[in-house]
Amino acid sequence: MADALEGRSTGQRIKYFRERRGMSRPVLGGLVGRSAEWVKAVETGRLLPPRLPMLIRLAEVLGIDDLADLTGDQPLDVTALTRGRHPNIAAIRAAVQRYTVSRPDRPPYPVATLRNRVTAAWRAWHTALDRRSEVGALLPSLLTDCQDAAFALDGRERRAAHAVLADAYHLAQHVLVNAAEPELLWLVVDRGMNAARTADDPLTLAGAAWTVGMMLRVAGRMEEALSLVQEAAGVLEPYLPEAPDEWLAMWGALQLHSAVTAARAGRGGEAWAYWDRADTVARRLPAGYAHLWTVFGTANVALHGVSLTVDLWKSREALRRAEAIEPDAIPSRERRGRFFVEMARGQHMAGERVAATRLLLRACDQGVDAVRWSPAARLIVDDLIAKPPVAVRDDVRDLARRLGLAV
C-alpha cells in the first residue's frame, strides 16, 4: 500500500481509499456530514485538507487505523483520539467472547425471568441519564445468563432462550457503538444474528437484520444494508394484516432504517418513499405507542423526518419539521437527546452556531452520552471549541466541561 500512496496528497489519498471501498462521493459525504461537492473539492485540491476532527471521521468511515495513511505524516492511532474510556467495555467483551462446551452446573434461569431482565435493561437504556454506564454494568451477567440458558435448554424453550439472547446482543450493540473497536461490534451483531436464526422466529430475525444493517451502513455498505433490511421486512409482510403491534412496529422500524440508509447514500426520493411507508404503519398503532427498543411510533417517525432532511442537506426543511415536534412527546430520553443533536446539526449546517451550541446543551440535559458518543455531535463540538461564538462562549465552556474536554 505504501507504494500506491507514495507522493499523493491528502485529497488524493481520500479518493484512493474511497474508491477502494467502493463508495461514491455522495455516500462518503453523507457518512461524514458533508456534500458530494465538498468531497470532490477536497479530493481535487480545490479545498485545503480537512482539520483533524474531520480527518479522524474520514479515517473511521474509510476503515483506516493510522492517520498517516491519509496525511503521510507520523503514525497516529485513530482510536486513541476517537473513543473515550467506557468503564464496562472490558467486562462486556469478556462476556461476548466467552466460550464453553460444558453445560452450566446450576439450572438456567427461566426464559421468562431472562426476558423480564432484558426488557428492564432496554427500558433503562431509554430512561437513564447515564445509560451507557448503567446498562453496560448490567450486560455482562445478562449476556452470560442468557448464553447459559440458550445452551442448557431444549426444544421450544431453547428457541425462546435464543430469542432473548438475540435481544441481549442487540442491546450490547447499542451500548458499544462508537465506544468499542469495530471487531467487537461485528462479533456482537454476528452472534445476535446467529441466536436469531436458532430462535427461528420471524420477529427475532427481523430485529437481528435491523442491527446488522446498522453496522453495514456505518461501514458504507449501503446496498447490502438496504437489501438485508428489506428482505427482513418481506419476511414480516405476510403477517401484517393481523399482526400484533410489536410486529407492525418492527416492520415500520425497518422502513425507517432503509430511509436513513438511502438518505445517507444521497437518494432522497427513495428515502422519503421508505419514510412514507413507516408513517403509514405508525398511524395503525395505538396513540403514544413506542416499540421497546427501536422506539418505533409516530413520534419516532417525525424525528426521523428531521434526520432525513439533515442527511439530505436541507437544513431549513429540517428545522421546519423540528419546530412541529414536542420533545416531551418522544418516549425515550435517548431519542430526545438525539432529536436535539439533529436540530443542532441543522442549525450548524445553516451557519447558526449559537443555536447549535444551545441545542447541544439541551441534548446533554438528556444525558451527556447523546453528545459524547455521537460522531456528528462531536464534530460540531470540535468546531465550537476551536472558534467559540462570542455570545455563547461561556456555554461552549460549559458544554466542553460536561463532556470532559479541555478548552
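The values are calculated or read from the model by the stated rules, or taken from the named source; none is laboratory data. None of the values given here were measured: they were computed from a predicted structure. Heads up, the Cβs are rebuilt from the backbone with ideal geometry, glycines too, and the neighbour counts pull from every protein chain shown.
Residues being among the aliphatic types (A, V, I, L, M), surrounded by fewer than 17 Cβ atoms within 10 Å (Cβ to Cβ) and more than 26 Å from PRO331 (Cβ to Cβ): count how many of those fall in the stretch 120-153.
Qualifying residue count, the stretch 120-153: 1.
Does any residue of the stretch 9-24 turn out to be in the same structural domain as THR71 (by TED's automatic domain parsing), at pLDDT below 85, closer than 18 Å to PRO375 by Cβ and surrounded by 14 or more Cβ atoms within 10 Å (Cβ to Cβ)?
Looking through the stretch 9-24, none of the residues is in the same structural domain as THR71 (by TED's automatic domain parsing), at pLDDT below 85, closer than 18 Å to PRO375 by Cβ and surrounded by 14 or more Cβ atoms within 10 Å (Cβ to Cβ).
So, of the residues in the stretch 351-401 that are under 22 Å from HIS174 (Cα atoms) and charged (D, E, K, R), which turns out to be surrounded by the most Cβ atoms within 10 Å (Cβ to Cβ)?
Among them, the one singled out is ASP369.
Suppose we filter GLY220, GLY252 for residues that are surrounded by 18 or more Cβ atoms within 10 Å (Cβ to Cβ) and touching a residue at least 60 places away in the same chain (Cβ under 8 Å); which single one remains? Spell out how you get there, then give the answer.
Details: GLY252 fails: touching a residue at least 60 places away in the same chain (Cβ under 8 Å).
Among GLY220, GLY252, only GLY220 is surrounded by 18 or more Cβ atoms within 10 Å (Cβ to Cβ) and touching a residue at least 60 places away in the same chain (Cβ under 8 Å).
Taking GLY351 as the residue in question, decide whether it is farther than 18 Å from ALA302 by Cβ, under 24 Å from the mean Cα position of the chain (by Cα), small (Gly, Ala, Ser) and at pLDDT below 95.
On the way: farther than 18 Å from ALA302 by Cβ: yes; under 24 Å from the mean Cα position of the chain (by Cα): no; small (Gly, Ala, Ser): yes; at pLDDT below 95: yes.
Judged against the criteria, GLY351 is not a match.
Residues checked against (1) buried (at least 21 other Cβ atoms within 10 Å of the Cβ); (2) assigned by TED's automatic domain parsing to the domain that holds GLY268; (3) at positive phi:
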| residue | (1), (2), (3) |
| --- | --- |
| ALA299 | yes, yes, no |
| LEU303 | yes, yes, no |
| VAL306 | yes, yes, no |
| THR309 | yes, yes, no |
| GLU323 | no, no, no |
| PRO327 | no, no, no |
| GLY337 | yes, no, no |
| PHE340 | yes, no, no |
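Can you name the condition, by its number, that ARG191 falls short on among (1) under 20 Å from SER374 (Cβ atoms); (2) in contact (Cβ under 8 Å) with a residue 60 or more places away in the chain?
(1)
Given the conditions (1) of a type in the set (D, E, K, R); (2) free of Cβ contacts under 8 Å to residues at least 12 places away in the same chain; (3) within 16 Å of LEU67 (Cα to Cα), which single one is not true for ARG13?
That leaves (2) as the condition not met.
Please tell me if TRP313 is surrounded by fewer than 24 Cβ atoms within 10 Å (Cβ to Cβ), modelled with pLDDT under 95 and over 14 Å from ALA249 (Cα atoms).
Working: surrounded by fewer than 24 Cβ atoms within 10 Å (Cβ to Cβ): yes; modelled with pLDDT under 95: yes; over 14 Å from ALA249 (Cα atoms): yes.
Spelling it out, TRP313 is indeed surrounded by fewer than 24 Cβ atoms within 10 Å (Cβ to Cβ), modelled with pLDDT under 95 and over 14 Å from ALA249 (Cα atoms).
Counting just the residues of the stretch 29-49 that are in a loop (DSSP other than H, G, I, E, B) and within 24 Å of the chain's Cα centre (by Cα), which one comes out farthest from ASP382 (Cα to Cα)?
Initially, the stretch 29-49 is screened for residues in a loop (DSSP other than H, G, I, E, B), giving 33-35, 45-49.
Subsequent filtering for residues that are within 24 Å of the chain's Cα centre (by Cα) retains 33-35.
On the way: GLY33: 14, ARG34: 16, SER35: 19 Å.
Per the stated criteria, the residue is SER35.
Could you grab me the full set of residues in the stretch 104-119 that are over 17 Å from VAL189 (Cα atoms) and surrounded by 12 or more Cβ atoms within 10 Å (Cβ to Cβ)?
Going through the stretch 104-119, the residues over 17 Å from VAL189 (Cα atoms) turn out to be 104-117, 119.
Passing the criteria: PRO104, PRO108, TYR109, PRO110, VAL111, THR113, LEU114, ARG115, ASN116, ARG117, THR119.
Just to be sure I understand, how many residues within the stretch 153-192 are of a type in the set (A, V, I, L, M, F, W, C) and under 17 Å from the mean Cα position of the chain (by Cα)?
Let us first name the residues in the stretch 153-192 that are of a type in the set (A, V, I, L, M, F, W, C), namely 153, 160-161, 163-166, 168, 171-172, 175-177, 179-180, 184-189.
Subsequent filtering for residues that are under 17 Å from the mean Cα position of the chain (by Cα) retains 168, 171-172, 175-177, 179-180, 184-189.
Residues that pass the stated criteria total 14.
Output the residues belonging to the stretch 306-330 that are more than 18 Å from the chain's Cα centre (by Cα) and among the polar types (S, T, N, Q).
SER315
Filter the helices (runs of 4 or more DSSP H) completely within the stretch 236-343 down to those with at least 2 residues that are within 19 Å of GLY33 (Cβ to Cβ) and either touching a Lys or Arg at 6+ places or on another chain (Cβ under 8 Å) or not aliphatic (A, V, I, L, M) (or both). It would help to see each step written out before you state the result.
Numbers: elements: 245-264, 268-282, 298-311, 315-323.
Output list reads 245-264, 298-311, 315-323.
So LEU226 fits all but one of (1) in the same structural domain as GLN97 (by TED's automatic domain parsing); (2) under 30 Å from GLY29 (Cβ atoms); (3) hydrophobic (A, V, I, L, M, F, W, C); what number is the exception?
Exception for LEU226: condition (1).
Which condition does ALA59 not pass, out of (1) surrounded by fewer than 19 Cβ atoms within 10 Å (Cβ to Cβ); (2) under 23 Å from THR261 (Cβ atoms), if it passes all the others?
(1)
Hey, can you tell me all the residues within the stretch 23-40 that are farther than 18 Å from MET349 by Cα and either among the basic types (Lys, Arg) or free of Cβ contacts under 8 Å to residues at least 24 places away in the same chain (or both)?
Once the filter is applied, which keeps residues that are farther than 18 Å from MET349 by Cα and either among the basic types (Lys, Arg) or free of Cβ contacts under 8 Å to residues at least 24 places away in the same chain (or both), the stretch 23-40 yields ARG25, LYS40.
Counting only residues that are within 22 Å of GLY288 (Cβ to Cβ) and over 19 Å from the mean Cα position of the chain (by Cα), how many does the stretch 243-269 have?
The number of residues fulfilling the criteria is 6.
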